[in-house]
Structures are given as C-alpha cells and as structure tokens.
1. Using r as the Cβ-Cβ distance of ALA228 and TRP185, and R0 as 25 Å, what FRET efficiency do you calculate, to the nearest 0.05?
2. Using a 7 Å offset from the Cα along the Cα-to-Cβ direction at both ARG284 and GLU100, what is the distance between the two label points in nm, to one decimal?
3. Please report TRP185, TRP348, TRP300 as a ranked list, fewest other C-beta atoms within 10 angstrom at the top and most at the bottom.
4. In whole Hz, with x marking every Gly and Pro, tabulate ³J(HN,Hα) for region 34-41 from phi via Karplus 6.51 cos²θ - 1.76 cosθ + 1.60, θ = phi - 60°.
5. Rounded, prolate or oblate: pick one for region 206-467, where a ≥ b ≥ c are the square roots of the eigenvalues of its C-alpha gyration tensor, a/c under 1.5 means rounded, and failing that, prolate if a/b is larger than b/c, else oblate.
6. Take the Cβ-Cβ distance between GLN363 and ARG330 as r, set R0 to 30 Å, and report the resulting FRET efficiency rounded to the nearest 0.05.
7. May I ask for the net charge around ASP83, where only other residues with Cβ less than 15 Å from the Cβ of ASP83 are counted and Lys, Arg are +1 while Asp, Glu are -1?
8. Extension gain LYS338-GLU50, at 0.36 nm per residue separation less the Cα-Cα distance, in nm?
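Please treat every number below as a calculation from the coordinates, not as lab data. What you see is a predicted model; the values in this text were computed from it and never measured. Backbone-built Cβ (ideal geometry, glycine too); neighbour counts: all protein chains shown.
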Amino acid sequence: MSAPAVNGSLPTIEQLDRALARNDRSNEMAVLGAMMSAPPNSAVPGEIREMLYPGEEQRGVGEHHFVLPTHKLIWTTIIRQMDQGLLFDPQALMAALPTEKLGQLGNGVYLVTCIEQLPTLANGTYYAKIVANATLLRGLGEVGAVSAQLAGTTALDDAAEAYDTVRRRLDQLVVPGLSGAMTSWEQVGAEALAEMERLQQLAETPDAAEGVFSTGWPDLDRLLGTVAPGTLIIIAGRPGMAKSTAARNIAQHLAMRKKLPAPFFSLEMSRLEIGLTMMAAGARLKSDAIRHGTLSDEDWVEAARYLGQTADAPLEIDDTPGMNLAYADRMLANVTRKYGQPPAAYFWDYLQLGDERGHGNRQEAVSAMSRGHKLLCKKHNTVGVVLSQLNRGPENRTDKRPQLSDLRESGSLEQDADVVILLHRDDYYDKESPRAGEIDLIVAKHRGGPTDTITLAAQLHMSRLVSMAIPA
C-alpha cells in the first residue's frame, strides 16, 4: 500500500502518518496476546522475538516496534520475564508490573483483551511480521520526511553531505528476517588456514581426534572424514530399518567410549525403553531375553559390569512429550553449561514427531524443523543427528532401495542436511535374501565429500549395528 499522491505531488507528512496507521493497535495486541497465551514449551515466543529484532542502532529489547506506550510496557515486561526464565502469562505479568501501571491496564483486563485479539496461537508469527513491516515502513516515512526537509533547506554545496545523512538513516533500518554482518576476506582466510591446520593434525595424529565426532564404525568414519561442528546429519529410512538403533549406537559410542556429551531427544520411545536397548547393545544381551525375563547369570554379570563401566558417561536422555526446537535449544545450552563443552552431537528421534506449530501445513512445519535443526547445530557448535521417515517410494521399486527423493514431506531436508544416510535391509523385504543380517548405509549426500554405500552387520537381536570391516 503506497501513500496517496496529491495532484501528482509528494504526500504531506500528515498524509504519510495516516497511510502508515495500518491498524497498529490490533496487530500489536495480537502479537502480545500470542506471547502471553503460548504454553511453556512453545517455539512461538522465541520466533516472535527473533522477528522483532532490536537492530544494531536500537537500544532495548525491541520495544520500538510498538507504537503505543502501553504495548511497549507489556512487551518489555514479557522479555524481562522471558530472559529470567519466568512465566509471562497474564497472571505472571500482573505480579511483575509496577503497581502504578496496573491501573493503565484495567487491572489485567487489557492483557486478556490482547489474547482475545489473536485468532489462534499459530497466527502469532504472522502478526509479528506485520508489526515488523510496519516498523520498517514508519522508518521509511521518517527517512522520507528527513530527506524532503534536507532537500529544501540544504545549501547546494552541501548536497553530498545531505545524501550521506539520508543514506545513514536508511542503513539503520532493519529489514524483517535479515540481520548479521559481513566478514572480511582477511578474517575468513585466516579461519580457513587454521581449519586446514586442524584437519592436517587430525590426519597425522589419530589421537588428536578423541574430541571429534565419529560414529564408531571405522568404514563409515573413513568415508565421512572429519565431521565438523555445525554439521547436520539426516539418517532416514522406512519403518523397521533400524534408524533408532543406528542413532543409539552412535550416541553410546560418543558418550560411553569417547566420554563426550551426547544428549538424546526421543519423541517416540520412553527413556526406559532406550535404556533397555542400550543395555542390550552395550552388554551384548539378547533383547528377547530382557523382555521375557530369561537372562542367565552370566548375562546379569555382563549387565552389571557394563553399567559400572559407563555410569559416568555424559549421556543425557530426554523423553519429554511434545518437544520442539525451542525446548531443544534450552536443553543444549544446559548440557554445555553442565559439562563445560558443547555436545559432540545431539540426537533427535525423529523429525516428523517434532511439535512445531504456527505453520500453514505439515510440509511447511517439516521445512521449518529442518532449517531449525541446522541453525541449532551452528548455534551450539555441535553435530546434529536427526532421524527422518521416508515416504513409500521404496515399496514401489523392484529393488526397494531408498533414494533422496523419498525423504518424507519436505525437499528442504535434502537441502539443509550436510550428510544424508539412507538405511536399507534386503532381508526386511525378502526373508530368504542371501544378504540376511546385513544393513546398507547409503551415504546419498555428503557436502564436499564422496558418497558410497557402507555395509554393516545388523545384530538387531542385540540392538546393535557392527562394522564388517574391522571386528567389534
């Protein structure tokens, strides 16, 4: 919507003000309502806060996005509560607000009215974008007014200085969704040289790789090379292809053998189920014997020995229902504080079960989760191992082997991932297959590296995958 022209001339400041009104009150109320009505584990408040970014030239917490002083007060109080890890629902805000301000809010009635202004929580980010766009347009209007004033009052010899003034004002505006800074080649080149030296040291001194991500399967580790923090690995397969087994085995390798922090987020299995399968894999116990209570005395000895050897492993298992990216963000930060170092990797089982709301359809939600996991890897300087379902494409092919195009619900998974490993077992489809007991790890995407197929022994009766190249 552009400001109206008057007889072909530029609009007046008053006309600009009217054109930029844009229902500021109702949009701002909807944003505040979304913040106050979101459940504790919702990602919506965090997403809204990112959208209402303060900007490099703005002090405070983004309150400049709000036109009405009352809304500025509510917003700053919400952010203060948020930063302190406190609730920011209407009741909590009433307790946090200064007593003299409560009267301005009708003793809390206005807070409830804000929530009523929001159709659904899923619309919160939509209204936040509108508010951010309104901020941008108000800024453009202000720059336009300054430009018009300077154009009419600046001496001809000072035209370049007037231009620079307007340009600086424009540069201070924040376009919604864009923030950051450019980095000089001098710094980037120095960082690249340091990384080259690190990789050379790892190649020449195997012991130097102790603190580096690896899977525990030497043949796959050789193919992947050095997996740097910030890498997103997708392990995908049809149901029954041992995705969870693969993830648990890697987590055990990192935490129990290499003693590196490895948080495991399970959206499907309970922590007890995970514990039983990890005991089976680590102590080499038959899963059926565990389930049916038929362990031998020797089995009990091995189980006790394994737990004694690994009790101090920095493995964290989280089976909280309804987990989402905002929750994972907080938990990864907690792990880093607890162990004094970022996780070697975090595990998410599995992507399609994540609770990400505020999107138009399931494909958009999965795309948002995919991008979100990549951002988590970079933010927390860790490797993300995210499991994903495949669609029914393999069932429609003669050889049943999966392809990248089978990634379920979103092509963005292929785009965002640095490594995609597709799992395939011949004996799942053909019980008489000569390859019974084998599983193929098809490295279908490897950004900057080779792709190939690695075959492991699928000892699923003990919940473990074992390298066939080097005895376990």
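1. It comes to 0.75.
2. For the pair ARG284/GLU100, the computed spacing is 7.5 nm.
3. Sorted ascending by nearby Cβ count, the order is TRP185, TRP300, TRP348.
4. Taking θ as phi minus 60°, the curve returns 5, 4, 6, 9, 5, x, x, 8 Hz for region 34-41.
5. Taking the square roots of the gyration eigenvalues as a ≥ b ≥ c, region 206-467 is rounded.
6. 0.70
7. Charge balance near ASP83 sits at 0.
8. Full-extension gain reported as 101.1 nm.
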